[in-house]
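A quick write-up on the structure given underneath.
The values are calculated or read from the model by the stated rules, or taken from the named source; none is laboratory data. All figures in this text were calculated on a predicted structure; none of them were measured in a lab. No Cβ is skipped: glycine too gets one built from the backbone with ideal geometry, and neighbour counts run over all protein chains shown. What goes into the accessible areas is simple: the full protein's heavy atoms, side chains included, and nothing from ligands, DNA or RNA. Shrake-Rupley method; radii C 1.70, N 1.55, O 1.52, S 1.80 Å.
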Amino acid sequence: MAATTTGLKLYGIARSRAMRNLWLLAELGIPFEHVKIVQTYNKTLPDEVTSRDTEFLAINPNGRIPALIDGDVTIWESMAINLYLGRKYGGPLGPVDLGEEGQMTMWSFWATNECEAYAITVHESSMAKSEDWQQTPKAQAAVEHLDAPFSVLETALSKTGYLVGSRFTVADVNVAMVIFYARNASALFERYPSVARWYAAVTARPHFQLVMKMREG
Ligand SMILES: N[C@@H](CCC(=O)N[C@@H](CS)C(=O)NCC(=O)O)C(=O)O
């Protein structure tokens, strides 16, 4: 289906789960308005709108970024936003049939259900900037929990290097953006070479690098 963008708006900053959507939107190369809603703890300027302000709660009553408005459709939840964008505007990055759509959904749910909480613990532990963060019981437990999902990912990626349809798709964006939180757990990446190769390849993409700069800037 040929799709045209009608007032596509992405709410949220790169230093949040909105990065997932900013990366995909950049890959898709479609025009959109970026509305920089911030987390309350990231508010630095008086005129910045936060995810808990009334005007944003009208878009996402959960008070969390990201959210997407596409014409008269509002979607929150970062993974759902990317699945929607992939299906509607994705071309080869989106599903070619129902089977692929199911697999992209499967990998996205898998990443949030099986990996995200542990990956975020790794992220927070590594951000503590202590030399021996990998030795803390919390970080070690999180890495241990991630071992089984990394093994699943290893098997899947060792076949074609991608998750769905032997090509880079929205499934790779969604899963890589969760694995991103665990990127400093070097032991996992050393143990699972196909995961390490895939993660290095997808995060070397120019559009990922672009949103990383937005995140850091
Ligand atoms: N499951 C949601 C989580 C969204 C979420 O927790 N967003 C954080 C930023 S990464 C947020 O808005 N935090 C601010 C708050 O909760 O006040 C998604 O993937 O979109």
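Please identify, among A117, A58, A18, the residue showing maximal mean-square fluctuation in a Gaussian network model of the chain using a 10 angstrom Cα cutoff.
Fluctuation is largest for A58.
So what is the calculated 222 nm ellipticity per residue for the chain, using -39500 (n - 2.57) for each DSSP H run with n of 4 or more, over all residues, to the nearest 500 deg cm²/dmol?
Details: 10 runs with 114 residues, N = 217.
Calculated from helices alone, the mean residue ellipticity at 222 nm is -16000 deg cm²/dmol.
Please calculate the 1.4 Å probe accessible area of R17, with all protein chains present, and give it to the nearest 10 Å².
Approximately 90 Å² for this residue.
Of T54, T40, which has the most accessible area with a 1.4 Å probe, and how do the rest follow in descending order?
T54, T40
What figure, in Å² to the nearest 10, do you get for the accessible area of M127 with a 1.4 Å probe and non-protein molecules left out?
Its heavy atoms expose roughly 80 Å² to the probe.
Show D47, D53 ordered by accessible area, largest first, where the area counts protein heavy atoms only and the probe is 1.4 Å.
The ordering from most to least exposed comes out as D47, D53.
List every residue whose amide H lies under 5 Å from the amide H of V38, counting only residues 5 or more places away in sequence or on a different chain, with H placed 1.01 Å from N in the peptide plane.
Residues meeting the amide H criterion: V49, T50, S51.
If you place +1 on the Cβ of every Lys and Arg, -1 on the Cβ of every Asp and Glu, and leave all else neutral, what size is the dipole of the chain about its Cα centre, to the nearest 20 Debye?
Here the chain has a charge dipole of around 340 debye.
For E48 and R15 in one chain, what is 0.36 nm times their gap in residues minus the Cα-Cα distance, to one decimal in nm?
Between E48 and R15, full extension yields an extra 10.4 nm.
Check the straight Cα-Cα distances from K9 and name the aspartates and glutamates below 12 Å, setting aside those fewer than 8 residues away within the same chain.
E33, D70, D72
Under 1.5 on a/c is rounded, so check that first for segment 8-93, then, if it is not, pick prolate when a/b is larger than b/c and oblate when it is not; a ≥ b ≥ c are the square roots of the alpha carbon gyration tensor eigenvalues.
Taking the square roots of the gyration eigenvalues as a ≥ b ≥ c, segment 8-93 is prolate.
If you roll a 1.4 angstrom probe over the protein chains with everything in place, what fraction of the accessible area of the chain belongs to carbon and sulfur, to the nearest %?
Percent of accessible area from carbon and sulfur atoms in the chain: 54.
So how do T121, T44, T74 rank on accessible area, 1.4 Å probe, biggest first, that is with the largest at the start?
Listed by decreasing accessible area, they come as T44, T74, T121.
Hey, if you put +1 on the Cβ of every Lys and Arg and -1 on every Asp and Glu Cβ in the chain, which of T121, Q140, T160 ends up farthest toward the positive end of that dipole?
T160
Assuming R0 = 41 Å, can you tell me the calculated FRET efficiency for the pair A58 and M106, based on Cβ-Cβ distance, to the nearest 0.05? Could you put the intermediate results ahead of the total?
Working: r = 32 Å, r/R0 = 0.79.
Efficiency, from the Cβ-Cβ distance: 0.80.
Over the chain, with the other protein chains present, what is the accessible area per residue in square angstrom, probe 1.4 angstrom?
That works out to 50 Å² per residue.
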